[in-house]
Amino acid sequence: MKKIITIITFVVLFAFAIITINQPDTQTYAKQNHEYAHKTAGLKQVHVDNIIQAAETNEITHEEIVKLTDTFMDLLVQEIDDHYKVVRFDTKEELLNAFEPYVVKDAVKPYIDYYYEEKEDGLYIVPTETPPWFEKDEDYEKESKDNKVIITQSNENELYGAYTIEIEFKKIDDTWKIANISHE
């Protein structure tokens, strides 16, 4: 009986020792979390610093470029019914006005004229593919002049093959807008 109690005691102590060895000590764990918190706070601070620097130097940030180009495409591709009739707008003018906070009218009007048809009973989308567009995860060149920035990006896809898009952003009343778009 004494041998069994000794063996059980030994097994329990051995198991406890293994569990204790595999557990990180509290100080190491706290230090790792502290270091991680500083790294992420540093990344957030760098992001905030980039936005502040961009505002001070009259530069547009990547985030602003993505927001404007995504918004452009979201507005261009309107919700439609089974007959291609636009749900939210009845005229090209109404749709054109929806772009106003993000895009200069002269830059979007050719797209609306190409992709939409106005009929007596409302606005209809012409069933076709969307234009070759800015890819937010791909590299691009950025050139700044006065109160405008021009980005140029070369992409390739199955539908259009190789293409280059150039988008001009202009600061109007302290707000960045898409001012011109060209494709090659």
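What pairs in 105/142; 85/170; 109/136; 85/148; 109/142; 85/171 have C-alpha atoms more than 29 Å from each other?
Going by Cα-Cα distance, 85/170; 85/148; 85/171 fall outside the 29 Å limit.
Pull out the extension gain between residue 172 and residue 62, defined as 0.36 nm times the separation in residues minus the alpha carbon to alpha carbon distance; nm, one decimal.
Values: separation 110, 0.36 × 110 = 39.60 nm, distance 1.80 nm.
Separation in residues times 0.36 nm, less the Cα-Cα distance, equals 37.8 nm.
Run the numbers for residue 183 and residue 164: contour at 0.36 nm per residue of separation, minus the present Cα-Cα distance, in nm.
Gain on stretching residue 183 to residue 164: 6.3 nm.
Would you kindly find the accessible area of residue 126, with a 1.4 Å probe and non-protein molecules such as ligands, DNA and RNA excluded, rounding to the nearest 10 Å²?
50 Å²
Got a number for the accessible area of residue 152? Probe 1.4 Å, square angstrom, nearest 10.
Approximately 40 Å² of residue 152 is accessible to the 1.4 Å probe.
So with the 1.4 Å probe, I'd like the accessible area per residue for segment 78-184, rounded to whole Å².
Normalised by residue count, the accessible surface of segment 78-184 is 63 Å².
May I ask for the Rg/Rh ratio of segment 68-184, computed from Cα atoms with Rh as the Kirkwood radius, given to two decimals?
0.99
For the residue pair residue 135 and residue 105, what label-to-label distance in nm results when each label sits 7 Å from Cα along the Cα-to-beta-carbon direction?
For the pair residue 135/residue 105, the computed spacing is 3.5 nm.
The values are calculated or read from the model by the stated rules, or taken from the named source; none is laboratory data. Bear in mind the structure is a predicted one, so any value in this text is a computation, not a measurement. Because the Cβ atoms are built from the backbone with ideal geometry, glycine has one as well, and the counts that use them run over all protein chains shown. Surface areas here come from the heavy atoms of the whole protein model, side chains and all, with no ligands, DNA or RNA. Shrake-Rupley method; radii C 1.70, N 1.55, O 1.52, S 1.80 Å.
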